[in-house]
Amino acid sequence: MITSKYRRKHQRALNRLMRQVNRSIKEDTLWRGRFVVRSGKNDFYKYFDNSGYELYVELIYRDKKTGMEWHRHHILERYRFCQGALIWREMNDFIVEVVDVWRKEGVEELQNDTTDYSILD
């Protein structure tokens, strides 16, 4: 748990998690960087008893092909739990449920799409 009074330490921890997810999706042979997670507005709060600080973050999940975005809000510590498992779960929910890529595009179309989305932004 990060309790530092320096916002930058909290932000670096979040950036590290987002880079891991984005790098993994970029290297995936099916997605080729099609989906990304970015940080939106963040608020930095001090505990009422001055024992520590928390960063409330907005994560924006984006599909580069359709331009669809999904905004989620949590405390950074929830995202850091289990090496970022919540970010991975939310990315999966975004791909499977929000974008509904399997029903809308189908396996054949996904496998035949050779676009490298990692170079698009």
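What follows is calculated from the coordinates using simple rules that are stated; it is not laboratory data. Treat the numbers as computed from the prediction; the structure is a model and nothing was measured. Quick reminder, even Gly has a Cβ in these numbers, built from the backbone with ideal geometry, and neighbours come from all protein chains shown.
Whenever a residue of the range 6-25 is closer than 24 Å to SER51 by Cα, its partners that are assigned to a helix (DSSP H, G or I) and of a type in the set (A, V, I, L, M), lying with C-beta atoms within less than 9 angstrom and at least six residues away or across chains, give the pairs HIS10/LEU76; GLN11/LEU76; ALA13/LEU76; LEU14/LEU76.
Which residues, counting only those in the range 74-100, are β-branched (Val, Ile, Thr) and without any contact (Cβ under 8 Å) to a residue 12 or more places away in the chain? Explain how you work it out, then say what you get.
Taking the range 74-100 as the starting set, the residues that turn out to be β-branched (Val, Ile, Thr) are 75, 87, 95-96, 98-99.
Across the range 74-100, the qualifying residue is only VAL96.
Among the residues of the range 44-62, are any under 28 Å from GLN111 (Cβ atoms) and part of a loop (DSSP other than H, G, I, E, B)? Quick ask: steps written out before the conclusion?
Residues of the range 44-62 that are under 28 Å from GLN111 (Cβ atoms), as a first pass: 60-62.
Filter once more, keeping what is part of a loop (DSSP other than H, G, I, E, B): none.
No - not one qualifying residue is present in the range 44-62.
Helices (runs of 4 or more DSSP H) fully within the range 81-121 that include at least 2 residues being among the hydroxyl-bearing types (Ser, Thr, Tyr): none found.
If you go through the range 57-73 one residue at a time, how many are among the hydrophobic types (A, V, I, L, M, F, W, C), within 22 Å of LEU120 (Cα to Cα) and touching a residue at least 24 places away in the same chain (Cβ under 8 Å)?
3
In summary, SER51 fulfils each of the numbered conditions (1) surrounded by fewer than 11 Cβ atoms within 10 Å (Cβ to Cβ); (2) hydroxyl-bearing (Ser, Thr, Tyr); (3) touching a residue at least 60 places away in the same chain (Cβ under 8 Å) with the single exception of condition (3).
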